[in-house]
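Read through the structure below, which is laid out as structure tokens, and then see the notes.
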């Protein structure tokens, strides 16, 4: 066999192996969604069973980590439900490259969902969103010590009930892809409206101040005019007395 033929055969074999590898990597998206769910749940179980594996004091669980996991679990369930609604024929139409991208999105979405949970937690703890459905927090009025880690350790939900509310809201924020963006949009619109109203109030106040100053200047002019007339009358009387 000629060297060229051997080279072509080796190239075909390599191409076949590459396709098989891509086929193995691009399992059903449903399978990868289940794998992501198993990983998230196992991570939570490991944290509960072996907390000393993550931090020195094995008796305390950092609240932010718990809330991050709640958001991540919300994203896992959302991914699985969304993919499960797609027909298998639609999933099979993806080329290997598209499948790999979608698979990466499934796993990256876990980090994004956890981050969205923490962002929403920061939003409700700051007091920008309030109501009976949201948790209440303690030490919000304390002075900032300059230690950012101590800052997060001080601001905590008041009661166990508030902790459960925070966990549920972080789960919802991770589950709903639009909750945090929509909340930020509403806050931005509200802030813009507040700034616009404040600017209008300042304009009205300045206009009123200008009108008051103008009235005051007119009053001063009238007063000066009266004083001048009074001086003229006095001078005239004095002149008449002198003549007489």
Using the Cα gyration tensor of region 178-244, the equivalent ellipsoid's semi-axes, largest first and to the nearest Å, work out to 64, 4, 4
Would you mind computing, in nm to one decimal, how far apart the modelled labels at residue 209 and residue 221 are, each placed 7 Å from Cα along Cα→Cβ?
2.2 nm
I'd like the FRET efficiency for residue 200 and residue 104, computed as 1/(1 + (r/R0)^6) with the beta carbon distance as r and R0 of 45 Å, rounded to 0.05.
0.40
Multiply the residue gap between residue 152 and residue 186 by 0.36 nm, knock off their C-alpha separation, and tell me the result in nm, one decimal place.
9.7 nm
Take the Cα gyration tensor of region 119-244, multiply each eigenvalue by 5, square-root it, and list the three semi-axes largest first, rounded to whole angstrom.
69, 19, 11
Tell me, how many Å apart are the Cα centres for region 62-79 and for region 165-213?
28 Å
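No value in this document is a laboratory result; all are computed from the given coordinates. None of the values given here were measured: they were computed from a predicted structure. Methodologically, a virtual Cβ is constructed for each residue, glycine included, from the backbone with ideal geometry; neighbour enumeration extends over all protein chains shown.
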